[in-house]
1. Among the residues of region 107-144, which ones are assigned to a loop (DSSP other than H, G, I, E, B) and open to solvent by 20 Å² or more (accessible area, probe 1.4 Å)?
2. I'd like the full set of residues that are under 17 Å from CYS483 (Cβ atoms) and either part of a strand (DSSP E or B) or in contact with a Cys (Cβ under 8 Å, 6 or more places away or on another chain) (or both), limited to region 520-544.
3. Among the strands (runs of 3 or more DSSP E) confined wholly to region 158-238, which include 2 or more residues that are surrounded by 14 or more Cβ atoms within 10 Å (Cβ to Cβ) and out of contact with any helix residue (DSSP H, G or I) (no Cβ under 8 Å at 6 or more places or on another chain)?
4. Any residue at all in region 25-39 that's assigned to a helix (DSSP H, G or I), open to solvent by less than 20 Å² (accessible area, probe 1.4 Å) and farther than 24 Å from ARG200 by Cβ?
5. Only one of (1) of a type outside the set (D, E, K, R); (2) out of contact with any helix residue (DSSP H, G or I) (no Cβ under 8 Å at 6 or more places or on another chain); (3) outside any loop (DSSP other than H, G, I, E, B); (4) in contact (Cβ under 8 Å) with a residue 60 or more places away in the chain is not met by MET517, so which one is it?
6. Go through (1) at pLDDT below 95; (2) in contact with a His (Cβ under 9 Å, 6 or more places away or on another chain); (3) of a type in the set (Val, Ile, Thr) for VAL289 and report which single condition fails.
Amino acid sequence: MTATPPDDTARLRATAEFVREHDTATLLPLLLPDLDGPELRALAERCRFSHAALLVLPPDDATLRARLASCGLEPDAPPQPSVVVRSRLARRYGRAEAELDVSILRPPVPGPDGERSVEVFVLTVPPGSDLAELADQERAHEHEAHLAFDVAHPDPLALRGLCALLTRHGAAPDGGGYNPHEDSTVLYFTTPAGSRTGYRRVELHAHGDHRTVLADHLGEDPTQRSAETLLHQLTGAWTTQALAVSARMGLPDALDTRTATAPRQLADALGADPQSLATLLRYLAMLGVVAEHPDGYRLTGTGALLRADAPASMRPLALMYGGPFYRSFAELEHTVRTGEAAFDHLFGENHFDHFARDPELAELFDLSMAASARMFDPLPDHPVVTAAGSRAAAGTVVDIAGGNGELLGRLLAAHPRLRGVLLERPHAVEAARRRLDAAGLGGRCGYVTGDFADVPGDADVYVLSRVLHDWDDERCAEILRHCARAMPAHADLLIVERLLPADGSASLATAWDLHMMANTGGRERRADHYGRLLTDAGLHLLDHRPLPLGAAVLHARRAAVPAPTGPSPAPARAGA
């Protein structure tokens, strides 16, 4: 008689207990018992036990949440699409990947040496589904159960060395993949025969795109890999337009994240050609924006960010990058050959003036700036903001070219004693006034309509958020000189920008550097470059800290010597 495999609740509970009881130091000797001292220390320095993983197959979301809660795990952890496990399941059972909507949850679990997680892969299997046999096989054999180690400071040389060490001690390559939704690479191995962990697979998890190492790990042909990589890169414009068109048509707003909608019903609601819409939906499913079910499509967590009513909706970014900026990038060659902004060449004026003359475009631009507001999440807790908000006499923060007041509103809401001043163009000042009044913060905020030359004095904190990257070095120096002249000796300057990496590693800043060059004539910079600009303006860079979405906040103060003078720059503007 075949033993009945444990149910999902028991498997979840056992996995959570394992994570709570083990740490890197105790786990590595169990995993690779023949490791000697130096190799064990080297592995422990580069790898940290991060999670144990399993695949669960609940009948519906409500059952999943109940099972997680019964095991002491967070039931509402945000899901991400699982590219790697979906592909493995599809190959294992001869299924189309579009049939398998696999997501990842990572509820946190406290461990002996800090917090880690249980990685829960979820494939919903409703009663009567043709996936029932797959579910039975997966519960019985635990193909996706594994232990995972995060690789610290991954680079190709380090990853290859770790792979070689594991195989030398009996581990064997067992697949892997790159997940673009999380920008991470996973390398799977079977554990050595002598392993005493109870798990048959181990994962190395490396942040970033390491598909060259991955291809070697999988034994792929390098020529074929290069051709496929280039082909994916060449079709990037298709992705931009697919996302922009779906946002413009209201497709994300017409779908639900829990219940599937039939393609024909969706076509009727959107006024679309059914066959053409079906092709678009298949492409969006490949991107992880929608998920295909037997009875239609539903919206994923990623796709929900394109809904008009989503908090910090990214719909305006999709419309902007698929609209005016998409058109300007077609003129990129002009920029590369002449050094002139492609946008100016195409539209006959710079994009700030172009948007200012069109109220709809101006509003879309301001909304697209707010769509990246997640990068502001840590700023209310920055020490200089906290200090200004805690003073006996109310501190003041000046947001220079502060757009629609998104950042200033966050700072004022987090610190009830803080007062604010927003400097901007006339139409932006009015938009910010409406926004801050609606949030009940208008009574603590003043407004200055003007240019960078009009930076007000006598404040405690000055903020330049996504402003300097719009300009060349000469204009940046002028802007910073105006700040230095206005700042009292005790004041702090916070600069929010994306920083180019010093080591040439992959970065969002590198992509935005190209974007700024083509559309504003500006650029992204390294931290030391900003340091030189600040020094030339009579300011001193103290430090910089990372922010979400690849951004950073630089902290500067006035230097001991007076700031040099300079001519007035162009009007205050903020970049996308």
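The values are calculated or read from the model by the stated rules, or taken from the named source; none is laboratory data. Source: prediction; values computed, not measured. Positions of Cβ are backbone-derived with ideal geometry, glycine not excepted, and every protein chain shown enters the neighbour counts. Calculation scope for accessible area: heavy atoms of the full protein, side chains included, ligands and nucleic acids excluded. Shrake-Rupley method; radii C 1.70, N 1.55, O 1.52, S 1.80 Å.
1. Result: PRO112, ASP113, THR124, PRO126, PRO127, GLY128, SER129, ASP130, GLU142, HIS143.
2. Answer for region 520-544, where residues must be under 17 Å from CYS483 (Cβ atoms) and either part of a strand (DSSP E or B) or in contact with a Cys (Cβ under 8 Å, 6 or more places away or on another chain) (or both): ARG525, LEU533, ALA537, LEU539, HIS540, LEU541, LEU542, HIS544.
3. Where strands (runs of 3 or more DSSP E) fall fully within region 158-238 and carry at least 2 residues being surrounded by 14 or more Cβ atoms within 10 Å (Cβ to Cβ) and out of contact with any helix residue (DSSP H, G or I) (no Cβ under 8 Å at 6 or more places or on another chain), they are 184-190, 201-207.
4. The answer is no, given that none of the residues of region 25-39 is assigned to a helix (DSSP H, G or I), open to solvent by less than 20 Å² (accessible area, probe 1.4 Å) and farther than 24 Å from ARG200 by Cβ.
5. Among (1) of a type outside the set (D, E, K, R); (2) out of contact with any helix residue (DSSP H, G or I) (no Cβ under 8 Å at 6 or more places or on another chain); (3) outside any loop (DSSP other than H, G, I, E, B); (4) in contact (Cβ under 8 Å) with a residue 60 or more places away in the chain, MET517 violates only (2).
6. Among (1) at pLDDT below 95; (2) in contact with a His (Cβ under 9 Å, 6 or more places away or on another chain); (3) of a type in the set (Val, Ile, Thr), the lone unmet condition for VAL289 is (2).
Yes/no per residue for (1) open to solvent by 40 Å² or more (accessible area, probe 1.4 Å); (2) within 19 Å of ALA518 (Cα to Cα); (3) under 24 Å from the mean Cα position of the chain (by Cα):
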| site | (1), (2), (3) |
| --- | --- |
| ASP309 | yes, no, yes |
| TYR326 | yes, yes, yes |
| PHE329 | yes, yes, yes |
| ALA342 | no, yes, no |
| ASN350 | yes, yes, no |
| PHE355 | no, yes, no |
| MET375 | no, no, yes |
| PRO380 | no, no, yes |
| ALA388 | no, no, no |
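This table checks each residue for (1) within 15 Å of ARG466 (Cβ to Cβ); (2) open to solvent by 20 Å² or more (accessible area, probe 1.4 Å); (3) of a type in the set (D, E, K, R).
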| position | (1), (2), (3) |
| --- | --- |
| SER507 | no, yes, no |
| HIS515 | yes, no, no |
| GLY522 | yes, no, no |
| ARG526 | no, yes, yes |
| GLY531 | no, no, no |
| THR535 | no, yes, no |
